[in-house]
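For reference, the structure discussed in these notes is given below.
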Amino acid sequence: MRIACLFVCCLFVSCSVAQVPSVPQLQRVSFVDTKEAICEYAFVQGNWQFVHSVSFVMDSGYGATLVGVTVLQGKKLKTVLMGVEGFVLFEAEQEGSGRVIVRRAMPPFDKTGFARGLMRDVQTLFVEPEYAERTLAENTEGELICRYTADNNQVTDVVMAQQGWNRINLYDTQGMLQQSITALNYKEVTGENIPERIQLTTSGTQGYTLKLQLLSAEKL
Amino acid sequence: MKLLGFILLVIFSSTPLCAAQRVESVQADFVQEKNMAILARPLLSTGKFLYQAPDSLRWEYFTPLHSVLLMDNGQIRKFVKKDGQFVEERGMGLNAMQVVMQEITGWLDGDITDTTTFLAKQIDANRIVLTPRKEVLAKIISRIELKLLDQSGLMESVILYEGEDSFTKMNFSGALLNQQIPEASFREP
């Protein structure tokens, strides 16, 4: 009887041991590769055409809804702002060198500095920043951050949150927050994660908030 | 917004020029195709419009962004659907729009060639080209081509040229002429 119990116990124990998962094999990756993968996740790769509804509110309370088209082609950025009915209010292109060519600018989008500001916004939203140094770290909340530091010491932090949103904080050369972009509700389009909602807030005396809702995303 | 409304009122209120039957109302579905050199793909929109003489218009887009432009008794309002509800937009150029509306009222019973805004030229039996008289408007719209259906008062398509490489084409379908349209259609989204 004791032998039978011992046999049953051994069988039970051996069966139990067989059900415990073993330590999985891990593939060694270099830290640099991991950092690149994590940081680039926040930005689309390749050529795209995005169409967003763009609701903007100035600090003065003035606001409207427009349709914004962004075309990313290699190093070129093209952007169009049009009324919901299709009339083009603003059209510009930024070359790889950073030179901005304005093709059309109707009032109030013909103000000095508007084109450069808008192209900067578009670039911040969609293009990984140029950097002299890129570091991956955690903030005090435990969120993963890619920090891009440019030659002129301008810092861009990409906060990689876990709940399906990212945030990009752009600081000026004095270290003051200049722009904050929150991207929410990511969905997969042609193998890439594209945010369905984006909110961009710019600080300063002429601050404004842009809310973008994705209408279409097409890989070119 | 104001420009589109302006042009549409011009187009619809001017149909007596080429129509034997007086236009009291028109309604139709449309597909709008926006072409620009800068775009890798044209942008498509779908919608429906209602027009009631002399100056009531409902111009509604269903896709890609649900919005409604209403004109009624000289009042212009625009609504955009956000999070399932229509929100009125009050910011953009409403004063300028009222100025434009005043100009429109001068046309409504008239012949399109009488307008101070556009020169009309009949290209053939079914096509009219409108060219802005004023340089200010010409910077926004260089010309408009109207293609008329054989049936009086109805149009097959409108092409708005903003420049040589930028134009918006609207193709109309399911048009109904002089049918009763509820007044509320021009007042509420």
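The values are calculated or read from the model by the stated rules, or taken from the named source; none is laboratory data. Computed from a prediction, not measured in an experiment: that's the story for all the values here. Positions of Cβ are backbone-derived with ideal geometry, glycine not excepted, and every protein chain shown enters the neighbour counts.
Tabulated data
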{"read-out": "Strands (runs of 3 or more DSSP E) contained entirely in segment B:44-93, each with at least 1 residues that are within 14 Å of the chain's Cα centre (by Cα) and crowded, with 16+ Cβ neighbours inside 10 Å", "value": "B:56-63, B:67-72, B:75-82"}
{"read-out": "Of all residues making up segment A:113-142, the number that are assigned to a loop (DSSP other than H, G, I, E, B) and surrounded by 14 or more Cβ atoms within 10 Å (Cβ to Cβ)", "value": "4"}
{"read-out": "Residue under evaluation residue A:173, criteria (1) within 23 Å of residue A:113 (Cα to Cα); (2) surrounded by 15 or more Cβ atoms within 10 Å (Cβ to Cβ), criterion not met", "value": "(2)"}
{"read-out": "Which listed residue, of B:137, B:160, B:177, is away from chain A (no Cβ under 14 Å) and of a type outside the set (Phe, Trp, Tyr)", "value": "B:177"}
{"read-out": "Check on residue A:150, buried (at least 17 other Cβ atoms within 10 Å of the Cβ) and within 22 Å of residue A:77 (Cβ to Cβ)", "value": "no"}
{"read-out": "Answer from B:50, B:70, B:57 - the residue that is farther than 13 Å from residue A:86 by Cβ, away from chain A (no Cβ under 11 Å) and touching a Pro at 6+ places or on another chain (Cβ under 8 Å)", "value": "B:70"}
{"read-out": "Condition broken by residue B:184, with the remaining ones in (1) modelled with pLDDT of 80 or more; (2) outside any helix (DSSP H, G or I); (3) at negative phi satisfied", "value": "(2)"}
{"read-out": "Of the criteria (1) closer than 28 Å to residue A:127 by Cα; (2) at pLDDT below 85, which one residue A:67 fails", "value": "(2)"}
{"read-out": "Residue in segment A:176-204 that is surrounded by the most Cβ atoms within 10 Å (Cβ to Cβ), counting only those that are among the β-branched types (Val, Ile, Thr) and in contact (Cβ under 8 Å) with a residue 60 or more places away in the chain", "value": "A:198"}
{"read-out": "Some residue of segment B:115-125 being at pLDDT 85 or above, closer than 30 Å to residue B:187 by Cβ and in contact with a strand residue (DSSP E or B) (Cβ under 8 Å, 6 or more places away or on another chain)", "value": "no"}
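Table: residues versus (1) more than 9 Å from chain B (Cβ to nearest Cβ); (2) buried (at least 21 other Cβ atoms within 10 Å of the Cβ); (3) in contact with a helix residue (DSSP H, G or I) (Cβ under 7 Å, 6 or more places away or on another chain); (4) not in a strand (DSSP E or B).
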{"site": "A:69", "(1), (2), (3), (4)": "no, yes, no, no"}
{"site": "A:77", "(1), (2), (3), (4)": "yes, yes, yes, no"}
{"site": "A:80", "(1), (2), (3), (4)": "no, yes, no, no"}
{"site": "A:86", "(1), (2), (3), (4)": "no, yes, no, yes"}
{"site": "A:89", "(1), (2), (3), (4)": "yes, no, no, no"}
{"site": "A:97", "(1), (2), (3), (4)": "yes, no, no, yes"}
{"site": "A:103", "(1), (2), (3), (4)": "no, no, no, no"}
{"site": "A:107", "(1), (2), (3), (4)": "no, no, no, yes"}
{"site": "A:111", "(1), (2), (3), (4)": "yes, no, no, yes"}
